[in-house]
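Values quoted throughout were computed directly from the atomic coordinates according to the rules given, and no laboratory measurement underlies them. This one's a predicted model, so the numbers in the text were calculated from it and none came from an experiment. Heads up, the Cβs are rebuilt from the backbone with ideal geometry, glycines too, and the neighbour counts pull from every protein chain shown.
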Protein chains: 2
Amino acid sequence: MFFTVYVPKDRQLKKIINIGDVAGLRKFLKGKRPVDIAELFIDLSLQEQIFIVKSIPLDVSAAVVQELSYAQQAEIFQVLDDQAVRSLLLKISADDLVDLLAELSVEERERLLRLSSEKQGEMRSLLDFPEDTAGGLMTTEFVTVKATTTAEEAIELVRYWANRVETVAYAYVTSEEDKLIGVVSLRQLVISDPKAQVREFMFAPVIKCFPETHQEIVAQILQKYDFVALPVVDHEDKLLGLVTIDDVIDVIIEEATEDLSRLSGTEPLDEPYLQSTVKKMVQKRVGWLLVLFVTASFTSSILKHFEDMLEAVVVLAFFIPLLIDTGGNTGSQSAALLIRALGVGEASTKDLARIIWREVRVGIAMGSLLGIGSAILAYVLGGNMLVGITVGIALLLVVIMAAVIGAFLPMVAYKLKMDPAVVAGPFITTLVDSLGLLVYFSLALWIMGM
Amino acid sequence: MFFTVYVPKDRQLKKIINIGDVAGLRKFLKGKRPVDIAELFIDLSLQEQIFIVKSIPLDVSAAVVQELSYAQQAEIFQVLDDQAVRSLLLKISADDLVDLLAELSVEERERLLRLSSEKQGEMRSLLDFPEDTAGGLMTTEFVTVKATTTAEEAIELVRYWANRVETVAYAYVTSEEDKLIGVVSLRQLVISDPKAQVREFMFAPVIKCFPETHQEIVAQILQKYDFVALPVVDHEDKLLGLVTIDDVIDVIIEEATEDLSRLSGTEPLDEPYLQSTVKKMVQKRVGWLLVLFVTASFTSSILKHFEDMLEAVVVLAFFIPLLIDTGGNTGSQSAALLIRALGVGEASTKDLARIIWREVRVGIAMGSLLGIGSAILAYVLGGNMLVGITVGIALLLVVIMAAVIGAFLPMVAYKLKMDPAVVAGPFITTLVDSLGLLVYFSLALWIMGM
């Protein structure tokens, strides 16, 4: 409801654009943030979008373009003439440009690289870092001061840089050899004695990371210390860039989406659910289903192996879904808890033994309860005490096994530097199902003495 | 590796504390952030913790105490005398105090309320808002200026307030009637002409929310606009407080953990995995397993209903796990995609028809592929063409059904203001399993003409 002010009045907007009313357009857009203007673009034709880009001040249009998807940006750049593209590119930060270039056709990439020649050096150095590291996330624009700079002079520097760099919440203090030795917040600068030198009130040592640090670790550090930016340094302690909080929030959401999707056996969609095509959705989802399908055929083979047993006591088949579902659910509980614990840094592979022992105990507790319940159920439905005992013990064992496997597999994946959530979903299900059925029918053979 | 500087040297620390070396302690802790000092507490006895709290400046010790868990805080307050507690409480912000009080025994709560009498009014107003709303998250400390204040004067105000309030990234502009009419960033204040009045460069209208706005919406707004704080106003537009980015990051992580846990059929743990007791873990996990267990007994009843069929064609039992796993997995894929889409605001219940139609098509595409595969598998393992056809068609139908149910249930829950992830996990599995088995055996009856 607090969005009322921003409800897109597209018909009015389209009318303004179609009569070419630049003054009316500026009035219509006044007070709107770039991200709000970018949202209006969804309902506009490419021509209408271009009209807006050309009619508003360059600062604003650059900010709006940066809020669009890379596909939309590419379309707009394709239509604009070289001069207009060049002006826009100069206003877009090197790290955003690098991300955009990665999404373009070779031809368009060459053109944009040519038109942003001033930034090529900077962009090339950014291209060296994988997308999911601090180096891939960082902006290379920041404010530095010397230790002997006064608060007053530092504020002057911030004032000078404020229009050119993304974040002026902090100024970084560097030594004569350009090493990062401290950090001061804009707040600190404002409240300090104007004549005081930065070294007197700067914070040191600085919490920092390296370009190769994984984005998940960067997010953990920023979250722990409640910073709005984290400096990235090379191994000589030279400041390379900053990762800012807004990028980190996107990372946290991206990582959470990845975990949730993969644990549920689908690759995350790269675009909003409703904007994704059916074909793309099938591509993201069918892979894991096929893997699951192939491995699930093991379960069919195992059951075929026990065909005689099944034929003799068909009642045993009644409890296959119960056994499988309970096992699968227990396993995904453990997996979900472990994936989050690993993801937010609450557990590490060093804790393996403790974690397994913990899951064994949890499994025994839950398995006993469910085992007794299912033994009674099996006795009632099957009318056979031995079937009841078989089902009860099988369920106990399956729950313990599932709890352990559900914790163990994500930890192994983590150790092997794979995404724990990828192995968790389908593999745990299959392993738990197959082992569970083996246990169940072996127990049945043994207990019923066949 | 960049944490090396902060590796707790507990033995050294314990030694310093045990000889009562206050100067040594201050030197040891120098350059450490409050959150780092709080981490050291884990390995210390309560007496040792108290020694630190008493030996460091009050500002620092208050900040350290706020980084501890509520249980740890309660322990420390219990041991400290009234005067020491009072000094600490005065330094802790009202919103943190409110959260702490909620975790205490009645007795301790009374004592702390008595010792922080100055803040009672403020705390009482905060207690009115549920924990998961903007009102429950907000801090009531912020900087306001009038529209006619100059940049220079505003900076003076910020300087005055900087030691008392949490966030000075923004100053909020209020009218004579105390209505929120604009916002200026500290950055903007610093770069503006010192004599310029705030109204000349303030940003308006202000993006804001109400105390009852759900935390997930607050997170979406802050993420969309890349703000570091969002103002909370009452329905007369009077500023009540601020939700800051660090709290929102915690919310995002909490919501993601909740989604992941609940989708996997467990309640989220309230504490880190390794610090949770086995008993608590069982409590969080066994509930859903029991629900699942009760509903899974439907599947046993359904199978019992088809006992004659199963006895006649025992081969049909071989493909129960395959059918159930594929259905369950397809359902949780849809659920995971929808829960994220609803959670980050990419889809709403208005899109229900579009979403269902989309899932039907995805289901047909994936189901056809898997159906053909399973028909071949069933023919090979079962040696019977009719079984192959039955399994193939059943799998196609189950996949379509699962895709639709997996999307439908979370949306219904969302509409009913329940957490979509809670219904998703166990209910989808059970519904898909039961309907799947019904479809499978009904098809078998029909195709094999019995």
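Tabulated values for the structure
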item	result
Within the range B:214-260, GluC sites (Glu not before Pro) in DSSP loop having at most 14 other beta-carbon neighbours inside 10 Å	B:Glu236
GNM result for chain B, Cα springs below 10 Å: residue of B:Pro211, B:Pro321, B:Pro231 fluctuating most strongly	B:Pro321
GNM result for chain B, Cα springs below 10 Å: residue of B:Val198, B:Val22, B:Val165 fluctuating most strongly	B:Val22
Using a Förster distance of 41 Å, the FRET efficiency for B:Lys30-A:Val165 (Cβ separation, nearest 0.05)	0.85
Calculated FRET value between B:Arg354 and B:Asp81, using beta carbons and R₀ = 45 Å, to 0.05	0.10
Euclidean distance of C-alpha centroids, the range A:386-450 and the range A:311-344, integer Å	7
Quarter of Cα convex hull surface for the range A:4-129, i.e. mean projection, nm²	7.9
For A:Glu103, inter-copy label distances in nm, listed shortest first [label point 7 Å out on the Cα-Cβ vector]	4.1
Position B:Gly383, label points 7 Å along Cα→Cβ, spacing to each other copy in nm (shortest first, one decimal)	3.1
Full-extension gain in nm, B:Ser69 to B:Thr277, via 0.36 nm per residue minus C-alpha separation	73.3 nm
Note, ³J(HN,Hα) from phi for the range A:359-370, Karplus 6.51, -1.76, 1.60, rounded to Hz, x at Gly and Pro	5, 4, 5, 4, x, 4, 4, 6, x, 4, 4, 5
Average beta carbon contacts from partner chains per residue of B:183-195, 10 Å cutoff	3
Listed pairs A:Lys32/B:Lys119; A:Lys280/B:Lys350; B:Lys119/B:Lys417; A:Lys54/B:Lys350; A:Lys14/B:Lys238 exceeding 30 Å between Cα atoms	A:Lys32/B:Lys119; B:Lys119/B:Lys417; A:Lys54/B:Lys350; A:Lys14/B:Lys238
Nearest 10 degrees, 0 to 90: helix B:385-415 Cα axis against chain B principal axis	30
Angle in degrees between helix B:151-161 and the longest Cα principal axis of chain B, rounded to the nearest 10	90
Hz values of 3J(HN,Hα) by residue in the range B:258-268 - Karplus curve (6.51, -1.76, 1.60), Gly and Pro given as x	4, 4, 5, 5, 5, 4, 8, x, 9, 6, x
Shielding by other protein chains, B:366-377, mean Cβ within 10 Å	3
Top of A:Met411, A:Met281, A:Met123 by mean-square fluctuation, Gaussian network on chain A, Cα under 10 Å	A:Met281
Copy-to-copy label separations for B:Glu152, where each label sits 7 Å from Cα toward Cβ, in nm and ascending	1.4
Loop sites in the range A:113-148: GluC sites (Glu not before Pro), DSSP, at most 15 other Cβ within 10 Å	A:Glu131
Net charge contributed by nearby residues that have their C-beta within less than 11 Å of B:Leu337 (K/R +1, D/E -1)	+1
Sequence-distant residues sharing a close amide H with B:Thr144 (under 5 Å, placed H)	B:Tyr172
Backbone HN-Hα couplings from phi across the range A:94-109 [Karplus 6.51/-1.76/1.60, Hz, Gly and Pro as x]	4, 6, 5, 4, 4, 5, 5, 4, 4, 9, 9, 5, 3, 4, 4, 4
Amide H within-cut-off set for A:Thr133, under 5 Å, with H built and near neighbours excluded	A:Gln215
B:Met385 paired with B:Asp59, simple spin-label distance in nm, labels 7 Å along Cα-to-beta-carbon	8.7
Euclidean distance between Cα centres, the range A:133-153 to the range B:207-222, Å	32
Average partner coverage of B:291-302, which counts Cβ from other chains inside 10 Å	6
Using alpha-carbon coordinates, inclination of helix A:420-447 to the longest axis of chain A, degrees	0
Extreme residue, positive dipole direction of chain B, given options B:Ala94, B:Thr244, B:Gly371 (C-beta unit charges)	B:Gly371
